[in-house]
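Here's the structure, in structure tokens; my notes come after.
The values are calculated or read from the model by the stated rules, or taken from the named source; none is laboratory data. Model, not experiment: these values are computed from the prediction. Please note: Cβ atoms are built from the backbone with ideal geometry, for glycine as well, and neighbour counts cover all protein chains shown. The area values use the complete protein model at the heavy-atom level, side chains included, leaving out ligands, DNA and RNA. Shrake-Rupley method; radii C 1.70, N 1.55, O 1.52, S 1.80 Å.
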Amino acid sequence: MERRHRIEPDNLSWRCDPGQFKFQTTAELPPLAETIGQERALSAIDFGLGIKNNGFNLFILGQPGSGRSSTIKKILQAHARDKTVPDDWCYVHGFEEASGPEAVRLPAGTGYDLKKDVDRLVERLTQDVPKSFENKEYEEQKKKINTAYQERKKILFQQLEQEARVNHFSLQQVASGFVLVPLKKNEPLSQQEFEKLSKEEKSRFEKTGSVLQEKIDDVLSKIRQLEEEQREKIREVGKEVLLYTIGHLFAELERKYARFDAVMKHFERCKKDIVLQLEELQPQKTGQLNMAGLGAAQQQGPSFDRYRINLLIDNSRLKGAPVIYEANPTYFNVFGRIEHIIQMGNAMTNFLMIKPGALHRAGGGYLILDCREVLLNLFTYEALKRCIGNREIRLEDMAEQYRLIATVSLKPQPLPLDCKIVLIGTPQLYYLLFQLDPDFRKYFKVKVDFDQMMENTRENIQLYALFIGSKCAEEELAHFDPAAVARTVEHSARLIADQQRFSSSFFDIADLIREASFYAEKADSSIVHADHVEQALEARTYRSNRLEERIRDMIAEGTLFIDTDGSAGGQVNGLSVYQLGDYSFGMPTRVTARTYLGKGSLINIEREVKLSGPIHDKGVLILSGFFGERYARDKQLSLSASICFEQSYSGVEGDSASSTELYALLSSLSGLPIKQGIAVTGSVNQHGRVQAIGGVNEKIEGFYAVCKVQGLTGEQGVIIPRANRKNLMLKDEVIQAVEQGDFHIWGVESVDEGIEILTGREAGQRAEDGSWPENSVNDLVDRQLTKLAEVAEKKRESTADDNNASA
């Protein structure tokens, strides 16, 4: 009975044959030029990069270490090499007709040339413009104009003065203008003398003075007009000089960039703006002593920085399209920033302080972002969606919305969004965003799913060898011999507990390669052998298994009650897996069940004290369905039972213990003791079928270690679901113990098969009349349940009679 379900040693693990490798060491192998075992993901990437429609950005989902980042970078770089180099982008000063700094698009390399040319232009403007107003010809023209207008003003004053003298007035200039002083016998009258005049004389002077005052005002008005004409004439001369000076400076650039309308438009605006600043550009007199008396204030020369070019994106050195990976996707790193400098306590900025973000640099190419980092940085995710939706990159001051008062700031012209965005994240992040954010599915339509495993094929084994050789060559590690490669490939299958598949978590494999190389070098070996790989794996375990050994010691000391010999009723050794970060291990746990007369309820003690999870609770409730279907067809279940994980003080989750709990209940009801040297794992359905579970290798090895500490008897072993046979990748020590008959592993498909191994008694099959074979496990359970039902019925009848008598 037991032998029929035993799993043979050859089926306890998969072994990689080193003989299939045709090399002495991996140093002979060529570099790995392809991604291993990700055909589905590669197909999705090819589709996502090929389709040009908006919103078909990529989301790379997979577990860290699956090669998702390195693969997408390698593929994008290959795609980018064949693409056209994207254009340069510049910002120029936004003049009065513009709402802010304006963007200029130029062919790759042209922006760099334009910036250099304009920088030289600004230097020449700074030098030549002030000098143009110091030449002799300009000074002579200005002097000629001043002289002519001074003469005209002098004539007006002479005429006014002559008319005043004819009318017995003297015209005198004071600080506030001109005043009329009455004359008598060509001598000016004082105020006292004027008061002594007769009324007729005073009246005549006042009337004449009023007429003359009007003429004075008229002359002053004409003089102001003349002065304005004088200034305008000088301005025109200055304008001609300025246009001549800047004209030949701009002419060369205008010929060079004549085919770029935006550049020509900018040059025209620059020239117009320079002319408008004519007064500021002319040399000024040195300043007077400052208020503090500290010396003459220095007069700064004119600034032409507003005519410079802010080369935002320079693709002059780029070959193909850009591939940008932004490791720290803050808002400013992704979308750019407008920098400020502090002057006199104020934050000042201009268009030259506009800096690009990753989206700008990735224009015409690809931008790779880590999804988790994007979500952790404020504003980045929402702003990214706006950019994709509007198809433009807009520079905004994100702090502006938190200010009570709006401040004046630059509003640069937005740039078009022209890049494929790639987000990298875990499956959990992808499905959360897909479910909770309606915009996510609109903007990231291409799902690239990196698998955690690949098929166990000869081709993939050879690719694994190429990967090991490439990693050793890349990092200058000791190369592997065929046996070491085979042991590494076996560990890959162990990582995912599957004889038919390998792990695609190359992050873990790469670490193992490095660690094995370390132990080879420590042993003065230039080649990594299988024992070095084994040493690296054992050292990993030793660094992490302190708690595992402590629990095992407590079992050996008798602090934790685990029996690995003898028999007991209603008591089974279940198997649990403890997960501690990157290390997991299995340990037995005593599960006990007690049955008694009741109303058909199963009491899960762990659930009652809130130490069990929902999946474990589901497994316990399934047991009620099993009992009802198998034993309650002709009677009512009058059973109550309590189930407990003994000496368990932390949470219990998962349904892998449901078969263990069922075995304990069957033992308690049948009265048949269970062999304590056998541990059990597996979930069960309502029909009594035993289903696959996880962590089967850790559970078997954990119970074997406990049996070894307490002493192997040759009767010990573990019952697992038959469906888990393909997941067995056990350590050599356990396999050797099975080969020697010191330990056993059974695979069962039903509870009946398991209970037969545990009790040594036939489970029994139901006959057509509904009966069970006599003294079989099921017969004993059924009889016990019948007795409980009869007792319950008698109690109900007795209670009914008592009630009738009372009535």
Considering every residue within region 88-109, establish whether at least one is of a type in the set (Val, Ile, Thr), closer than 30 Å to Asp261 by Cβ and surrounded by fewer than 16 Cβ atoms within 10 Å (Cβ to Cβ).
-> no
Residues of region 689-715 classified as open to solvent by less than 10 Å² (accessible area, probe 1.4 Å) and in contact with a Phe, Trp or Tyr (Cβ under 6 Å, 6 or more places away or on another chain), total | 1
Of all the residues that make up region 655-685, how many are open to solvent by less than 10 Å² (accessible area, probe 1.4 Å), among the hydroxyl-bearing types (Ser, Thr, Tyr) and assigned to a helix (DSSP H, G or I)?
-> 5
Which listed residue is of a type in the set (D, E, K, R), in contact with a Ser or Thr (Cβ under 7 Å, 6 or more places away or on another chain) and part of a helix (DSSP H, G or I), from Asp128, Asp119 = Asp128
Filtering helices (runs of 4 or more DSSP H) wholly in region 686-787 for at least 2 residues that are within 48 Å of the chain's Cα centre (by Cα) and not acidic (Asp, Glu) gives 696-710, 732-739
Odd one out for Ala41, checked against (1) under 27 Å from Ile513 (Cα atoms); (2) assigned to a loop (DSSP other than H, G, I, E, B) | (2)
Condition check for Ile72: part of a loop (DSSP other than H, G, I, E, B), of a type in the set (A, V, I, L, M), open to solvent by less than 60 Å² (accessible area, probe 1.4 Å) and touching a residue at least 40 places away in the same chain (Cβ under 8 Å) | no
Hey, Gly764 under 19 Å from Val690 (Cα atoms), in contact with an Asp or Glu (Cβ under 9 Å, 6 or more places away or on another chain) and either at pLDDT 95 or above or open to solvent by 20 Å² or more (accessible area, probe 1.4 Å) (or both) or not = no
Could you grab me the full set of residues in region 340-354 that are in a loop (DSSP other than H, G, I, E, B) and open to solvent by 50 Å² or more (accessible area, probe 1.4 Å)?
-> His340, Met344, Gly345, Asn350
Unmet requirement for Asp418, which otherwise passes all of (1) at pLDDT below 95; (2) part of a helix (DSSP H, G or I) | (2)
Look through region 233-272, keep the residues that are within 48 Å of the chain's Cα centre (by Cα) and among the aliphatic types (A, V, I, L, M), and return whichever of them is surrounded by the most Cβ atoms within 10 Å (Cβ to Cβ).
-> Val263
Which of the residues that make up region 533-562 are in contact with a strand residue (DSSP E or B) (Cβ under 9 Å, 6 or more places away or on another chain), assigned to a loop (DSSP other than H, G, I, E, B) and open to solvent by 30 Å² or more (accessible area, probe 1.4 Å)?
-> Leu560, Phe561
Test: residue in region 784-791 that is touching an Asp or Glu at 6+ places or on another chain (Cβ under 7 Å) and touching a residue at least 24 places away in the same chain (Cβ under 8 Å) = no
Across region 276-288, which residue is farthest from Asn135 (Cα to Cα) among those that are assigned to a helix (DSSP H, G or I) and either modelled with pLDDT under 60 or open to solvent by 30 Å² or more (accessible area, probe 1.4 Å) (or both)?
-> Leu276
Note on Val709: of the conditions (1) touching a Leu at 6+ places or on another chain (Cβ under 9 Å); (2) farther than 20 Å from Arg761 by Cα, unmet is (1)
Mind listing whichever residues of region 291-315 are among the polar types (S, T, N, Q) and either at pLDDT 95 or above or surrounded by 15 or more Cβ atoms within 10 Å (Cβ to Cβ) (or both)?
-> Asn310, Asn315
May I ask you to list the residues in region 202-227 that are open to solvent by less than 60 Å² (accessible area, probe 1.4 Å) and free of Cβ contacts under 8 Å to residues at least 12 places away in the same chain?
-> Lys202, Ser203, Ser221
Some residue of region 729-743 being surrounded by fewer than 17 Cβ atoms within 10 Å (Cβ to Cβ), touching a strand residue (DSSP E or B) at 6+ places or on another chain (Cβ under 9 Å), among the acidic types (Asp, Glu) and over 19 Å from Ser668 (Cα atoms) | no
Hey, could you check region 131-172 for residues that are touching a Phe, Trp or Tyr at 6+ places or on another chain (Cβ under 9 Å) and assigned to a strand (DSSP E or B) and say which is least open to solvent (accessible area, probe 1.4 Å)?
-> Phe169
Contacts under 6 angstrom Cβ, first residue in region 326-343 being more than 19 Å from Gln413 (Cβ to Cβ), partner among the acidic types (Asp, Glu) and buried (at least 19 other Cβ atoms within 10 Å of the Cβ), 6 or more apart = Asn333/Glu326
Is region 705-721 home to any residue that is within 29 Å of Pro614 (Cβ to Cβ) and among the acidic types (Asp, Glu)?
-> no
